[in-house]
């Protein structure tokens, strides 16, 4: 299979993963990204002198695909992982609690955490424990389970409002980016079983110690260049057309690329606009999957007000709070980020409205914030942060392969079995690479491993690139464009 030409469209985690695996398997790979950076939906930027992430993209120890990608791109030292699951939980009025796992084997590692959870009464704790046991027995792959709402199931298990907020929503909402009544029971079962119930260490939480773009952009560029992948930023594909035994990828500006296989690692609406109808991709897949927003509030206090890396909040509009002072490059005060999942209402609120609502809410759960001064407050909104993993959604998530051999899909929205997470994106990239390398049929005539003309081309430029203006993209090496 050495010499097969693969074009990967999309430079998010799915595309990066697919490109690296195809290159490792001997293919000549070109990665096209319409934006001027890699990393897709997990990136960082600078505002008011702060290095900020667009969202708080944490991962768990069970996210083996993402953790292996970190190792592959040489970025494992850029993240930190808990040695043992430990979540501080706060509520207004100073009430607090800890959710900690023990060293016992699963599922007994959570017994103590639930039995001693002070935000629930003894009767509520027993009811939660029974519901957790029943959830562990569900089949996440069963169609009838996917058709059910998690909210309806919670009502059947007699989970009251306090139990829903103090336990179930605390975990389900940030993971699926949906409220319980809107979420698929099957997807919730997958999250709890994989992340908490089947392996005692699976739920330990990891997060980045540096801005996300240093991992998903900078480190990925270096790894891709080292693997011989040609990365072209600001190169937007316009169409994918069958051509002989392979494909022709037409560009939005001019020019085209020829490939034996194409990995399409872009959002569903974009994918529909690129593939021919013969690929069999449902033109309404984007609308069927829907979208769910995430809003992040970035707050700089003049003094430390939180003494743990992150905290969950119940009984408040605040959901999760992360201390990003170090990664943000702040030298004085404290930089906190409030992460709001399923944030349909917050997406439509003004900055002033959010500030008026959430600063008092922060002071209600963090006593030190009451005397602190806020020097900076800004908001980031991801209107299409994830698809909506609602009842029946899995039936609309497409497989990796399409009806056209060698044209494959990647992205967290494909049928990975996981919700829309970094782990789901990486797993989809591996699946797409395996499918692409299995189907790719013919070697790259005259092309070297770096995508350059092996002989007879004094300029060293692949023929397929000659029609593309030089200003449209850059051949990347270590150090960036």
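Name the residue, out of 363, 372, that is in contact with a helix residue (DSSP H, G or I) (Cβ under 6 Å, 6 or more places away or on another chain) and in the same structural domain as residue 55 (by TED's automatic domain parsing).
Only one candidate qualifies: 363.
Give me the residue from region 148-171 that is in contact with a strand residue (DSSP E or B) (Cβ under 8 Å, 6 or more places away or on another chain) and not in a helix (DSSP H, G or I) and, out of that set, farthest from residue 395 (Cα to Cα). Steps first, answer last, please.
Within region 148-171, the first condition is being in contact with a strand residue (DSSP E or B) (Cβ under 8 Å, 6 or more places away or on another chain), and the residues that meet it are 148-150, 166, 170.
Narrowing the set further to residues that are not in a helix (DSSP H, G or I) leaves 148-149.
Values: 148: 13, 149: 15 Å.
My answer is 149.
Residue under question is residue 403, and the condition is that it be assigned to a loop (DSSP other than H, G, I, E, B), at negative phi and touching a helix residue (DSSP H, G or I) at 6+ places or on another chain (Cβ under 6 Å); does it hold?
So residue 403 fits the description; yes.
In region 53-83, what residues are at pLDDT 95 or above and within 20 Å of residue 386 (Cβ to Cβ)?
53, 58, 59, 60, 62, 63, 65, 66, 69
Just to check your reading of the model, which residue among 236, 223 is at pLDDT 95 or above, within 21 Å of residue 41 (Cα to Cα) and surrounded by fewer than 19 Cβ atoms within 10 Å (Cβ to Cβ)?
Checking each option against the conditions leaves just 236.
Considering only strands (runs of 3 or more DSSP E) fully contained in region 296-349, which possess at least 1 residues that are more than 20 Å from residue 209 (Cα to Cα)?
Result: 310-313, 334-341.
Check region 180-198 and report whether any residue there is crowded, with 21+ Cβ neighbours inside 10 Å, outside the structural domain of residue 315 (by TED's automatic domain parsing) and within 16 Å of residue 314 (Cα to Cα).
Among the residues of region 180-198, at least one is crowded, with 21+ Cβ neighbours inside 10 Å, outside the structural domain of residue 315 (by TED's automatic domain parsing) and within 16 Å of residue 314 (Cα to Cα), which makes the answer yes.
For residues in region 286-310 being over 20 Å from the mean Cα position of the chain (by Cα) and crowded, with 19+ Cβ neighbours inside 10 Å, which is nearest to residue 167 (Cα to Cα)?
Out of the qualifying residues, it is 306.
Any idea how many residues of region 253-269 are in contact (Cβ under 8 Å) with a residue 24 or more places away in the chain and either outside the structural domain of residue 434 (by TED's automatic domain parsing) or not in a strand (DSSP E or B) (or both)?
8
Could you grab me the full set of residues in region 406-418 that are closer than 14 Å to residue 268 by Cα and either part of a loop (DSSP other than H, G, I, E, B) or without any contact (Cβ under 8 Å) to a residue 40 or more places away in the chain (or both)?
410, 411, 412, 413, 414, 415
Confirm whether residue 29 is in the same structural domain as residue 296 (by TED's automatic domain parsing), at pLDDT 95 or above and in contact with a strand residue (DSSP E or B) (Cβ under 6 Å, 6 or more places away or on another chain).
In short, no.
The values are calculated or read from the model by the stated rules, or taken from the named source; none is laboratory data. Treat the numbers as computed from the prediction; the structure is a model and nothing was measured. Neighbour counts are summed over all protein chains in view; Cβ atoms, including those assigned to glycine, are modelled from backbone coordinates with ideal geometry.
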